[in-house]
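The values are calculated or read from the model by the stated rules, or taken from the named source; none is laboratory data. Here the structure is a predicted model, which means the values were calculated and not measured. Heads up, the Cβs are rebuilt from the backbone with ideal geometry, glycines too, and the neighbour counts pull from every protein chain shown.
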Amino acid sequence: LTSINHPFTWTTEAQQAFDKLKGLFLSAPILIQPDPSRQFIVEVDASDSGVGAVLSQKEESTGKLKPCAFFSRKLSPAEQNYDVGNRELLAIKLALEERRHWLEGAELPFIVWTDHKNLAYLRSAKRLNSRQARWCLFFDRFQFTITYRPGSRNVKPDALSRKYSPTEQTTSTILPSTCIIGNLTWDVETKVLQAQGEEPDHPPVPRGTLFVPSSLRSDVISWGHSSRVACHGGVHRTLSLIRRRFFWPSMDKDVREYISACTTCARSKTSSSAPAGLLHPLSTPNRPWSHLAIDFVTGLPPSRGNIVILTVIDRFSKMAHFIPLPQLPTATQTANIMVDHVFRHHGIPADIVSDRGPQFISQVWKAFCTALGATVSLTSGYHPQSNGQAERANQELEAALRCLAAQNQQDWSLFLVWIEYAHNTHPSSATGISPFEAALGYSPPLFPSQELDLAVPSVQHHLQRCQRVWNQTKAALLRTKESNCR
């Protein structure tokens, strides 16, 4: 085939051999299942750039050597500087590491074939360098003999050492690495549990809570105020979060002092005192996600291609969605975003409050809302207070972003999901319960040890429970509205 003067002929025998080869590859008889009761043979070799090894056993019927597994790996730049002897010894070490589960503790001592004759005398060598000595300590875990084999007969590992995979291959687990197995635990809870015996004479604590000794109170307050589920909340939110699991007599005083000294909050937050004037509140909804308030947050630095945030607030439960966007959307794009992120989860609303941005005064937006059966409520010009719930949510959002992304403002989009989670799980000052509970009828468990059985015996029971929560929420909203109007 290498001569231009020799004609190429494809014989019947060649076709049969080719078909047989294809059949062998398809039927996979190349690798055999390792048998721990029989002797293993490890063939190794090393080249200038890689190592290769073959784990084999002899067939009982034919006595022929059959491979059980192959191994090859590229040498690192440091390993490529090894001399020939150390590279060949490295090939043995890597092969034993790769197949340790078969070779360590094997019933019969296995044989290592190498084409480097000096390694056959490794066990009797009087002088070893530090690297070889460390490897020999590893070899003592195995029972094997090193046998010399000429390179002309050591072709399988030689080919593997020269045809290694250029990329590093790592074994993967059955479950994906992103799958969380087990309950969520907080380090601060573990520390408090371990320190329960420090102050045995502490006062009685509410049921389901842990007493926090003096040495850990600062850690608990730091977790309740600046962790990802807290996002530098105020005094009431921080106390509400801590009280779900912890207790000590001076909680209120300690939390107020801690937050008043928080430099991040002092630098990032503004006063939220109500301005003087008459209040003209919007109507109170009867159920979650029937009346929405939406607005945009602009002027943000680029973060993963996003520079705008769409804020969507449910005026009943106060639940929020913060949606990052690559640019200020058009009316059509805004409609699609609302369908993808809001309507498909919560249904079609009855009313949408927005400012007089170009997206919301266009005929496209009006036609879209009319087709859904939702009314469009536009705020007064240059009077953002008309959309106060969305503006207040934006104020909290911006303050949280300043606190969390102060070190690197380009990472603000990474914290958006945690800010939304913190907003929806902390109690609202208007309703007294979290937006999550007001919308869905239960609060998400923060500590697995406190998790209650949320199963209900019937759908009717669950509906009654949700209706009871909604009635309580509406009553709280009416009380808040009346109080604010005074």
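Among the residues that make up region 174-189, is at least one of them modelled with pLDDT under 90, loosely packed, with under 14 Cβ neighbours inside 10 Å and in a helix (DSSP H, G or I)?
Of all residues in region 174-189, those modelled with pLDDT under 90 come to 174-189.
With the extra rule that they be loosely packed, with under 14 Cβ neighbours inside 10 Å, the set shrinks to 174-185, 187.
Keeping just the survivors that are in a helix (DSSP H, G or I) gives 187.
Checking region 174-189: at least one residue is modelled with pLDDT under 90, loosely packed, with under 14 Cβ neighbours inside 10 Å and in a helix (DSSP H, G or I).
Against the list (1) outside any helix (DSSP H, G or I); (2) farther than 23 Å from Gly234 by Cβ; (3) at pLDDT 75 or above, the condition Asp453 fails is (3).
Screening Phe360 on (1) part of a loop (DSSP other than H, G, I, E, B); (2) crowded, with 20+ Cβ neighbours inside 10 Å; (3) not acidic (Asp, Glu) shows it passes everything except condition (1). The lone criterion from (1) of a type in the set (Gly, Ala, Ser); (2) at pLDDT 85 or above; (3) farther than 24 Å from Arg207 by Cα left unmet by Ser429 is number (2). Would you confirm whether any residue within region 374-382 is aromatic (Phe, Trp, Tyr) and either under 28 Å from Asp411 (Cα atoms) or buried (at least 16 other Cβ atoms within 10 Å of the Cβ) (or both)? No, because not a single residue in region 374-382 is aromatic (Phe, Trp, Tyr) and either under 28 Å from Asp411 (Cα atoms) or buried (at least 16 other Cβ atoms within 10 Å of the Cβ) (or both). What pairs can you find where one residue is in region 294-321 and modelled with pLDDT of 90 or more, the other is of a type in the set (Phe, Trp, Tyr) and part of a loop (DSSP other than H, G, I, E, B), and their Cβ atoms are less than 6 Å apart, with a gap of 6+ or different chains? Close Cβ pairs (under 6 Å, with a partner that is of a type in the set (Phe, Trp, Tyr) and part of a loop (DSSP other than H, G, I, E, B)) amount to Asp314/Trp289. A count restricted to region 118-156 and to residues that are more than 16 Å from Ala53 (Cα to Cα), surrounded by 11 or more Cβ atoms within 10 Å (Cβ to Cβ), out of contact with any helix residue (DSSP H, G or I) (no Cβ under 7 Å at 6 or more places or on another chain) and charged (D, E, K, R) stands at 3.
Comparison of Val339, Val353 shows that the only residue that is of a type in the set (A, V, I, L, M, F, W, C) and surrounded by fewer than 21 Cβ atoms within 10 Å (Cβ to Cβ) is Val339.
Residues of region 399-412 that are under 15 Å from Gly234 (Cβ atoms) and surrounded by fewer than 19 Cβ atoms within 10 Å (Cβ to Cβ): Arg402 alone.
Rundown of residues vs (1) of a type in the set (Ser, Thr, Tyr); (2) surrounded by fewer than 19 Cβ atoms within 10 Å (Cβ to Cβ); (3) free of Cβ contacts under 8 Å to residues at least 40 places away in the same chain; (4) more than 20 Å from Leu160 (Cα to Cα), yes/no style:
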site	(1), (2), (3), (4)
Thr12	yes, yes, yes, yes
Phe18	no, yes, yes, yes
Ala46	no, no, no, no
Ser49	yes, yes, no, no
Lys58	no, yes, yes, yes
Phe70	no, yes, no, no
Gln80	no, yes, yes, no
Ala95	no, no, no, no
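Would you check if Thr332 is surrounded by fewer than 19 Cβ atoms within 10 Å (Cβ to Cβ), in contact with a helix residue (DSSP H, G or I) (Cβ under 9 Å, 6 or more places away or on another chain), at pLDDT 90 or above and at negative phi? Yes: the conditions hold for Thr332. In region 209-231, the qualifying residues are those that are among the β-branched types (Val, Ile, Thr) and surrounded by fewer than 19 Cβ atoms within 10 Å (Cβ to Cβ), and the one that is farthest from Asp252 (Cα to Cα) is Val229. Applying the condition of being at pLDDT below 90 and among the hydrophobic types (A, V, I, L, M, F, W, C) to region 224-241 and asking which residue is farthest from Pro445 (Cα to Cα) yields Val235.
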